[in-house]
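The values are calculated or read from the model by the stated rules, or taken from the named source; none is laboratory data. None of these values were measured; they are calculated from a predicted model. Glycine also receives a Cβ, built like all others from the backbone with ideal geometry; neighbour counts cover every protein chain displayed.
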Amino acid sequence: MERVEGEARDILGFQLAMLEDDALAAPAISAIAGGTAAHVAWAGALDGEIAGYEASDDDYFRARAADLHDIRDRVLRHLAGEEDAGATTGSVLLGDDIAPTAFLETDWSAGGAIALQQGSTTSHVAMLARARGIPMVVGLGELPSAITTLAVDGSSGTVQADPDAEQRKHFDAARESHARARASEEQFRFRPATRRTGTRIDILINVAGIAELDHIDPAACDGIGLMRSEFLFRDGAPLPDEETQYRAYRRFVTWGAGKPVTIRTLDIGGDKPVRGLTPDGEANPFLGLRGVRLTLARDDVFRTQLRALARAAVHGNLKVMVPMVTVPDELARSAALLDACVAELTAQGIACARPPLGIMVEVPAVAVVPELFDAAAFFSIGSNDLTQYVTASSRDDARVAALNDPSHPAVLALITKVAKHGREAGIPVSLCGDMASEPRHLAALLEAGLTSLSVAPARIARLKAAIAEL
Amino acid sequence: MSDTVNGSVVITHDVGLHARPSVKLTKLAKGFAATLEIAGAADGPWIDAKSIVKVMAMKAKQNSTLFVRAAGADAQAAVDAVVGLVRRDFDEAGDGH
């Protein structure tokens, strides 16, 4: 609930700031001075602003037109002496677009939905609806004017106007089974994931940006298993300096409040090019200069990141993970660089700590002989790349996509081998690829001996519920 | 503006100078006595950095350069503060909100 309040506060804060700015009303006030009626003057001034936003070629700025509409209409209602009317509970709000304050005034406790003929998935209302789990469909175009019942299916993004008895029966059944499934999964969200046998499974999350943290309660997971640092390195933007990186990493580490937060060092190259860093014109980028190969070649970039990480490590339980390791020397060189950065910071009198350094296990050369990598503080199996390299098939090519199967016995055999070696050598093993987020792969992963999975945050409750059945 | 102080900074924030950053920028700007203006180009047009209506209307996007100028007693501090805020991604990278 705090997150909803946070977003609602930001949205209302923005509207208040606009209303407090004399520049907003200035054209209206001069029109009134010239004899124009207040409501006409206000509508004219705001329509001018709204037109400016609607003309933007940027989705985000275009979506702000809805906020201006909201401001215009609320002032007009007050000028006319009308009350702000909330919608009735459990109803479908239907319109071209709806105002954020209309969303906030609606009592959603009995359900309800939003169906918009226009609207936008980046609007403030969409953010609020997503946070509250209110079904919302946008961009429906012109709907028949005389609708008495509208069935809104947020999962498929469709609506059904005036469903007949048969359609209604189907819709109600689908809605109930969806609600039952979600509700029964929800009971598991804040419980530790535990198998029938009593074995505890750690469920961590994969994140790729700071904004995501607003939507996740740390109490629902056992930490962050994979934070992709690439979001700081935007293609075409200047490289982030140490201070910028430090502030970002600190945000993740403090969010974890003592739970492990695993940040992966820069993993660009392959399908993630960054101009000025990744090489151009590689014949086969997935087999080229990517991950730790690239950062070891760009000592300056790697050092800046490792220094920022060592500084962030003092704020909580940070672990650092190196991607695309192929030979033990890459881990040794990365560890030496990290040690050098820690020594340098210490000499400079800057607070820092030496975080544990682990590796991604995603190159078959590591998965086949994990015992050569015992210097790693932990193993995190990257099943996406491991599958791609073991099956020699790309996920991006529809013609071979069927071969790119993480449940191929060869992939599962390697996962089993790494998990077994980790147990014997006392090295923690987790898996952070997409397969961990798919309930259909759960049984195989637990069978392989894994007791720690890092998953998409949206899947936490569903996976915990599924684990309880296994 | 004889004693004008100038500055510039690249906007790295994901969606540019959007609602929440604009609120932060104008609140910060109002804390200074100096006249404080921003622009999307070195030669303007310059707009009042204390007016959110005008700041939002700029629709400044990610990777665009924001030019800042100020005049008055605390002009240097005002320019430094605005440039610092934008450079820190409006404190959304480090501190949350």
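Name the residue, out of A:Arg399, A:Arg462, that is surrounded by 18 or more Cβ atoms within 10 Å (Cβ to Cβ) and either in contact (Cβ under 8 Å) with a residue 40 or more places away in the chain or in the same structural domain as A:Leu338 (by TED's automatic domain parsing) (or both).
Being surrounded by 18 or more Cβ atoms within 10 Å (Cβ to Cβ) and either in contact (Cβ under 8 Å) with a residue 40 or more places away in the chain or in the same structural domain as A:Leu338 (by TED's automatic domain parsing) (or both) holds for just one of A:Arg399, A:Arg462, which is A:Arg462.
Filter the range B:17-66 down to residues that are assigned to a helix (DSSP H, G or I) and within 12 Å of the chain's Cα centre (by Cα), then give me how many there are.
Number of matching residues: 15.
Can you tell me which residue among A:Thr265, A:Thr278 is under 23 Å from A:Val361 (Cα atoms), among the β-branched types (Val, Ile, Thr) and surrounded by fewer than 21 Cβ atoms within 10 Å (Cβ to Cβ)?
Being under 23 Å from A:Val361 (Cα atoms), among the β-branched types (Val, Ile, Thr) and surrounded by fewer than 21 Cβ atoms within 10 Å (Cβ to Cβ) holds for just one of A:Thr265, A:Thr278, which is A:Thr278.
Would you please name the residue that is surrounded by the most Cβ atoms within 10 Å (Cβ to Cβ), looking only at residues in the range A:100-128 that are touching a helix residue (DSSP H, G or I) at 6+ places or on another chain (Cβ under 7 Å) and of a type in the set (A, V, I, L, M, F, W, C)?
My answer is A:Val125.
For the condition within 24 Å of A:Lys319 (Cα to Cα) and of a type in the set (A, V, I, L, M), what is the one hit in A:Val411, A:Val455?
Sole residue among the options that is within 24 Å of A:Lys319 (Cα to Cα) and of a type in the set (A, V, I, L, M): A:Val455.
How many residues, within the range B:40-49, are touching a Lys or Arg at 6+ places or on another chain (Cβ under 8 Å) and away from chain A (no Cβ under 13 Å)?
Count: 1.
Can you tell me how many residues in the range A:213-261 are outside any helix (DSSP H, G or I), within 13 Å of chain B (Cβ to nearest Cβ) and more than 20 Å from A:Gln305 (Cα to Cα)?
2
Please specify each residue of the range A:30-81 satisfying the condition of being hydroxyl-bearing (Ser, Thr, Tyr) and either assigned to a helix (DSSP H, G or I) or exposed (fewer than 14 other Cβ atoms within 10 Å of the Cβ) (or both).
Passing the criteria: A:Ser30, A:Tyr53, A:Tyr60.
Being touching a His at 6+ places or on another chain (Cβ under 9 Å) and assigned by TED's automatic domain parsing to the domain that holds A:Pro428 is true for just one of A:Val411, A:Val322, A:Val342, A:Val390. Which residue is that?
Criteria check complete, one pass: A:Val390.
When you go through A:Ala183, A:Ala211 one by one, which is the residue that is surrounded by fewer than 16 Cβ atoms within 10 Å (Cβ to Cβ) and under 17 Å from the mean Cα position of the chain (by Cα)?
Exactly one residue qualifies, and that residue is A:Ala211.
Can you work out which of the residues in the range A:426-470 that are part of a helix (DSSP H, G or I) and charged (D, E, K, R) is farthest from the chain's Cα centre (by Cα)?
Step by step, filter the range A:426-470, then rank; the result is A:Glu447.
I'd like to verify a number: residues in the range A:323-379 that are of a type in the set (S, T, N, Q) and touching a residue at least 40 places away in the same chain (Cβ under 8 Å), how many?
Looking only at that region, the number is 2.
Could you count how many residues in the range B:50-71 are within 12 Å of chain A (Cβ to nearest Cβ) and in contact (Cβ under 8 Å) with a residue 24 or more places away in the chain?
The qualifying residues number 13.
Among the residues of the range A:186-208, write down those that are over 26 Å from the mean Cα position of the chain (by Cα) and free of Cβ contacts under 8 Å to residues at least 40 places away in the same chain.
The answer is A:Thr197, A:Gly198.
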